[in-house]
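The values are calculated or read from the model by the stated rules, or taken from the named source; none is laboratory data. Given the structure is predicted, the values throughout are model-derived calculations rather than measurements. Reconstructed Cβ throughout: ideal geometry from the backbone, glycine too, with neighbour counts over all protein chains shown.
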Amino acid sequence: MPDTASTVTVPPLPPLAIQAERLVELGVHELAGIPAEELRTFAEAAGRGDDGSLLAVHPDRVSASALAPLLRRDGKSGFVITDMPDVDLFAPCTVELPDAPLYLVAGLDRGDHMANWSPEEALPALTKENRTPLLLTEGIHWVLQQPTVLERNRCFMTIGSRLRKANGALDARTPAIWISNGTGRDGRERRNAPKVGWCWWGNRHTWLGFASATGREH
């Protein structure tokens, strides 16, 4: 197993009411077909002192491809890499979601201590710690609410989302969110933009941790 890096404390999330307003401001409620007041009411009812949870919209209501362009960094919009046209087919795997359009994700951790681990190594370790890997849409929601959680050399994978092939086997790609260097097909104009892409199940990357949570609830 690779050596673990020291964990850096990430910036806290804003209160749920502010998170709700942020989603309304971005038009996420319209993409999801949820009235703005329903979003605000849910956040208010779920507040409970604002324990640092993330307000998330169920991936069945709003897709990763719809959310990614809402990401911003250095004035540049987020994007999905060109060789991931099937990004929205990456669905929850080994993850149970609340049966509701809106839910909370508690106990977020960027997984910096797992940098240079492979997804294959990280998933059983997270399970042993009673943690659940984030979905791609949850990871995007996190960066939408707290953009500074995405840092150069401290980005993260979201291995709760996997693509199951027609034969039932899991695709070897695992989704991640990082920052473009503006090389290759990304294009120079996208340098420093938030980027949704993938890495192989068995590969390690020194700059990618594994985002996870302690649980989800409606």
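Listing for the model above:
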read-out	value
Residues (part of a helix (DSSP H, G or I), loosely packed, with under 13 Cβ neighbours inside 10 Å and charged (D, E, K, R)) located in region 32-52	E37, E44
Selected residue [hydrophobic (A, V, I, L, M, F, W, C), in contact (Cβ under 8 Å) with a residue 12 or more places away in the chain and touching a helix residue (DSSP H, G or I) at 6+ places or on another chain (Cβ under 9 Å)] from L126, L97	L126
Test: residue in region 15-31 that is surrounded by fewer than 16 Cβ atoms within 10 Å (Cβ to Cβ), farther than 16 Å from Q146 by Cα, out of contact with any Lys or Arg (no Cβ under 8 Å at 6 or more places or on another chain) and at pLDDT 95 or above	yes
Filtered residue count, region 132-190, keeping only those that are of a type in the set (S, T, Y) and surrounded by fewer than 14 Cβ atoms within 10 Å (Cβ to Cβ)	2
Residue in region 53-107 that is surrounded by the fewest Cβ atoms within 10 Å (Cβ to Cβ), counting only those that are of a type in the set (S, T, Y) and over 28 Å from G187 (Cα atoms)	T94
Among (1) in contact with a strand residue (DSSP E or B) (Cβ under 7 Å, 6 or more places away or on another chain); (2) modelled with pLDDT of 95 or more, the one test that L89 misses	(1)
